[in-house]
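Following: one structure in structure tokens, then a few remarks.
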Amino acid sequence: MIVLDIYGKIERTMISEKLKLYIGNLPEDWKEFIKETIFEEIRKIEFNRKEQHIKYGKALNDQFNYTIAKRIVETNIGKIKGYSLDTLENCIDCILENMIFIEFDYEYSDMPFFDWTTNCFDGRLCEEDYSEKIVKLLNFMNRDNHVRAHFNIVYSSNNDYFSIIPRITSTLSLRINSEFKGYKTKEEAICDLKKCGECIDNFLQSESDYYKLDFIVEALNKVDDYKHYHFLRVFTILEMLLLNKKQQTHEIDNYINPIINRIYNKDSDQATKLLRQMRNKVGHGDFKGFNKKAYEFADIYMINFQFDYSEYSHLNWILLHTCCLLDDILKEVLNQKFGIDKYFPVAYA
């Protein structure tokens with residue numbers, strides 16, 4: 001169950017024809033469950049505030065009360081007809097009526113190449129809801145120079161956010177506490193979501209592409225430290241997308257060097273080569289060799305970098321920098337492969 005940070009009454013809408021991905025307003029049983037969760041969060045917030053008063057002499061967190069809930073309705077939903085907003089519960093009911101969720105909905109005959117036993121996009125009892133992984137992929141591909149919505153997740157059944165942060169109330173309050181003025185309207189956000197679905201459908205041309213999509217979303221699903229395994233995982237996705245079976249690993253230089261060239265200009269050839277060599281070293285378990293190549297990269301391309309060794313070790317600073325660089329390269333490659341630029345304008349050159 002994945003609820004998006006988009007609000008309003010809508011007709012059930014297809015996002016991706018080939019994945020059979022839809023959005024719509026919440027079913028009745030979901031409304032009751034999320035309502036219970038919201039009030040549970042509110043009780044937890046009040047308990048935390050009382051603890052903070054005892055410990056610090058004041059509350060550090062804001063309340064989630066009627067005033068906040070009414071502002072959320074006015075900010076996120078706008079003009080409301082037929083709703084009474086005179087109590088906290090009524091405001092929350094109004095929000096629930098206008099929440100939008102995303103889900104897969106298909107018969108197995110609708111999904112090419114798959115059945116009950118093999119469909120990798122299914123959410124089994126012991127597996128995560130796949131629609132959140134798709135949303136994370138779309139957000140990952142959202143470059144700074146693309147004018148399109150970032151899709152915040154209000155609630156996900158994949159994670160127990162309650163023990164960490166009151167997730168629903170925090171996300172609902174995001175817009176009223178933010179000074180950002182560029183939030184998309186409901187119509188604009190749904191339009192962007194449908195365009196993203198077209199990009200997915202454009203990518204899915206064969207059975208192999210479905211498995212590639214599964215590999216990509218699983219690889220990008222978990223947020224983790226930027227260490228060796230992240231480096232290897234991202235480089236593996238690049239190899240999968242850029243090389244065919246007959247090509248050698250070193251041939252990837254021809255594809256990623258033009259992207260790196262925008263950063264390092266005339267020195268990009270060496271940067272590209274070192275990144276590939278670092279991938280090969282860690283792929284073969286040669287960590288001493290990896291460290292040597294990593295330090296060589298830093299000596300050339302991180303010469304003006306301010307290393308704070310109270311935060312990270314020297315090697316982990318290099319891994320952090322090169323993993324972020326690989327993420328940027330992968331973002332560019334995914335945008336090319338999914339045809340993102342065809343559907344979304346570029347804000348600047």
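All of the numbers you see were taken from the coordinates with simple rules; none came from a lab. These numbers were taken from a predicted model, which means no experiment stands behind them. We place every Cβ from the backbone using ideal geometry, glycine too, and count neighbours over all the protein chains shown.
Between Phe307, Phe338, Phe121, the GNM of the chain built on Cα springs shorter than 10 angstrom shows Phe307 fluctuating the most. Counting 0.36 nm for each residue step from Asp224 to Lys288 and taking away their Cα separation leaves a gain of 20.7 nm. Panel order for Phe180, Phe140, Phe231, Phe113, by other beta carbons found within 10 Å of each beta carbon, from fewest to most: Phe180, Phe113, Phe140, Phe231.
Within the range 17-95, the trypsin sites (Lys or Arg not before Pro) that combine a DSSP coil assignment with at most 11 other C-beta atoms in a 10 angstrom radius are Lys58, Lys79, Lys81. Legend: calculated FRET efficiency, Lys79 to His53, from the Cβ-Cβ distance at R0 = 41 Å, rounded to 0.05, equals 0.60.
Here r is the Cβ-Cβ distance between Val346 and Thr87 and R0 is 51 Å; the resulting FRET efficiency, rounded to 0.05, is 0.65. The simple spin-label model puts a point 7 Å past each Cα toward its Cβ; for Trp116 and Cys324 those points are separated by 4.9 nm.
Dipole of the range 1-82 computed with +1 at Lys/Arg Cβ and -1 at Asp/Glu Cβ about the Cα centre; of Leu26, Ile2, Gln63, farthest Cα towards the positive end is Gln63. Between the beta carbons of Met14 and Asn65, assuming R0 = 30 Å, the FRET efficiency works out to 0.20 to the nearest 0.05. The ranking of His284, His250 by Cβ neighbour count inside 10 Å, starting from the fewest, reads His284, His250.
Treating each Cα of the chain as an identical point scatterer and ignoring solvent, apply the Debye formula and state log10 I(q)/I(0) at q = 0.06, 0.11, 0.14, 0.15 Å⁻¹. Values returned for q = 0.06, 0.11, 0.14, 0.15 Å⁻¹ are -0.28, -0.90, -1.23, -1.31. Using a Gaussian network model on the chain with a 10 Å cutoff between Cα atoms, which of Trp116, Trp317, Trp30 fluctuates the most? In this elastic network of the chain, the residue with the biggest mean-square fluctuation among Trp116, Trp317, Trp30 is Trp116.
Placing a pseudo-label 7 Å from each Cα along the Cα-to-Cβ vector at Asn304 and Asp29 gives an inter-label distance of 6.0 nm. The aspartates and glutamates within cross-link reach of Lys184, meaning a Cα-to-Cα straight distance under 12 Å and a gap of 8 or more places when in the same chain, are Asp5, Asp192.
Here is the size of the range 2-206 from its Cα atoms: Rg then Dmax, 18.6, 62 Å. Taking Cα atoms only, the orientation of helix 253-264 departs from the longest principal axis of the chain by about 70 degrees. Rounded to the nearest 500, the helix-only mean residue ellipticity at 222 nm of the chain stands at -17000 deg cm²/dmol, with each DSSP H run of n ≥ 4 adding -39,500 (n - 2.57).
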